[in-house]
Amino acid sequence: MPSRKPPRESASGKWSDGETSTLIDAWGAARVRRQPHHLLLDDWRDTASAVNAHRRAAGRRFNRTRSQCQTRIRTLKKRYKEELLKQPPSGWPHLRPLRAFLASPDGPPPGFPARTTPAVHVKQEAKEDEEVDGGGGLAASWTVPRRPRSAGAGSAGSEGFCPAAVVTKLAAVYERVELARIGAEKVKMEMEVQQAMLDAMKVEVEQ
């Protein structure tokens, strides 16, 4: 009876700021690309690949799983909501990157199609959270904060939001995600070549 392959080990423990930033960038790019629809399984796999490419570059041994990335995003969304209520702000480094993807300004950033109406947008947020959270819990407890319509260009309500900056960030995000994907594919190809060589050597020894 052929032996079963051992289960693939995965990383556990605290997320570093670098991992978290890579996760936000990869997830946010996919989220903008899929709106108004929720992320697909392949989107989450690509997100995990980007995180793991960062981990390999940092010399980490094991990979994060797709499920771990989904759980981390759920945790970040909860923290994002809490941080928005703090006065004065705590200086949490992931607040501004998350705001670029979670805030709902009056109009879409330049170069992107118009967003759905507020009711549909909130419903879509709930649908995405249900998929990550298993169908309940956090999705029913909060909605996406919106910038006040009466807020002027220099008011507190619009502080920190710049459409041009968002577009620039997204362009950089797309580039990093693509480079991470290419890196992951290259590593996979090298592993397959090495495995093929080992198999060939094994056959020669057996003969």
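General observations
- For Ser67: the one exception among (1) at pLDDT 95 or above; (2) assigned to a loop (DSSP other than H, G, I, E, B): (2)
- Residue under evaluation Asp42, criteria (1) closer than 19 Å to Glu185 by Cβ; (2) buried (at least 18 other Cβ atoms within 10 Å of the Cβ), criterion not met: (2)
- Selected residue (criterion: farthest from Ser16 (Cα to Cα)) from residues of the stretch 43-82 that are free of Cβ contacts under 8 Å to residues at least 12 places away in the same chain and hydroxyl-bearing (Ser, Thr, Tyr): Ser67
- Residue satisfying all of: in the stretch 83-101; outside any loop (DSSP other than H, G, I, E, B) and free of Cβ contacts under 8 Å to residues at least 40 places away in the same chain; most open to solvent (accessible area, probe 1.4 Å) among these: Leu95
- Extreme residue, surrounded by the fewest Cβ atoms within 10 Å (Cβ to Cβ), among residues of the stretch 13-35 that are of a type in the set (Asp, Glu) and over 14 Å from Lys169 (Cβ atoms): Asp17
- Taking each residue of the stretch 171-182 that is within 11 Å of Val51 (Cα to Cα) and looking for partners that are of a type in the set (S, T, N, Q) with beta-carbon atoms closer than 7 Å, six or more apart or interchain, yields Ala180/Ser49; Arg181/Ser49.
The values are calculated or read from the model by the stated rules, or taken from the named source; none is laboratory data. From a predicted model like this one, the values you see are computed outputs, not experimental measurements. Please note: Cβ atoms are built from the backbone with ideal geometry, for glycine as well, and neighbour counts cover all protein chains shown. Surface areas here come from the heavy atoms of the whole protein model, side chains and all, with no ligands, DNA or RNA. Shrake-Rupley method; radii C 1.70, N 1.55, O 1.52, S 1.80 Å.
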